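Working notes, structure below.
The values are calculated or read from the model by the stated rules, or taken from the named source; none is laboratory data. Since we're looking at a predicted model, the values are computed, not measured. All Cβ positions, glycine included, derive from the backbone under ideal geometry; neighbour counts span all protein chains shown.
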Amino acid sequence: MPSPFSRRALMVALATASTAGAPLAGALAAMPVPGAPPPAPLLEGWQRFRRAFLRPEGRVVDTGNQGVSHSEGQGWALYCAERCDDRVHFDRIWNWTRQVLSRPQDRLLAWRYMPGGINPVPDRNNAADGDLFIAASLLLAGQRWGRRPIPMRGPPSRGTCCACCCARWRGAPCCCPRSMASRRRTMWS
């Protein structure tokens with residue numbers, strides 16, 4: 001179903017509304033005040049985003065890319081649900097993400113879901129940006145709602161992301177776009 005809204009434009013608007021007035025460097029790192037009501041523009045943007053891109057089961061659909069879903073989109077939706085104090089949609093999004101994108105070998109997530117295929121997750125590689133968005137959202141949710149949002153294996157953590165996605169390149173640390181576990185490299189943590 002084509003959407004009149006650009007997914008990226010809505011994500012930018014949501015992030016901007018949630019951090020209005022904060023300096024850019026600290027905007028995404030700013031912690032919400034538990035129980036603080038979200039600003040009206042953020043709530044309005046979140047409602048539009050949900051109508052346009054969120055399926056009832058918790059899957060965020062990339063309408064501009066054959067209806068696939070990405071860990072990055074799932075992470076942004078978790079972030080926005082937390083910022084809007086929307087526990088119902090947060091749990092729904094996280095449950096779908098965990099059930100469908102979990103990788104058996106670590107606590108990271110597969111980067112893409114392709115509906116309609118025999119194997120809808122044919123590439124089990126992760127994407128560091130999606131893992132980090134999701135980990136940050138889960139930490140924020142734990143602070144906001146006063147409990148750990150994940151009772152099972154746990155979220156992708158900073159340690160897991162660093163162990164799998166960080167390496168030294170030309171002597172300097174860098175964050176690789178996906179797990180480098182199958183390649184030779186010098187790790188740092």
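For the stretch 59-78, a tally of residues being hydroxyl-bearing (Ser, Thr, Tyr) and either under 16 Å from Leu132 (Cβ atoms) or in a helix (DSSP H, G or I) (or both) returns 1.
Would the stretch 79-94 turn up any residue that is surrounded by 17 or more Cβ atoms within 10 Å (Cβ to Cβ), in contact (Cβ under 8 Å) with a residue 24 or more places away in the chain, in a loop (DSSP other than H, G, I, E, B) and touching a strand residue (DSSP E or B) at 6+ places or on another chain (Cβ under 9 Å)? Within the stretch 79-94, not a single residue is surrounded by 17 or more Cβ atoms within 10 Å (Cβ to Cβ), in contact (Cβ under 8 Å) with a residue 24 or more places away in the chain, in a loop (DSSP other than H, G, I, E, B) and touching a strand residue (DSSP E or B) at 6+ places or on another chain (Cβ under 9 Å).
For the structure I just gave you, tell me whether Arg50 is charged (D, E, K, R), outside any strand (DSSP E or B) and modelled with pLDDT under 95. It is false that Arg50 is charged (D, E, K, R), outside any strand (DSSP E or B) and modelled with pLDDT under 95.
For Cys80, the test of being over 29 Å from Arg124 (Cα atoms) and in contact with a helix residue (DSSP H, G or I) (Cβ under 6 Å, 6 or more places away or on another chain) is failed.
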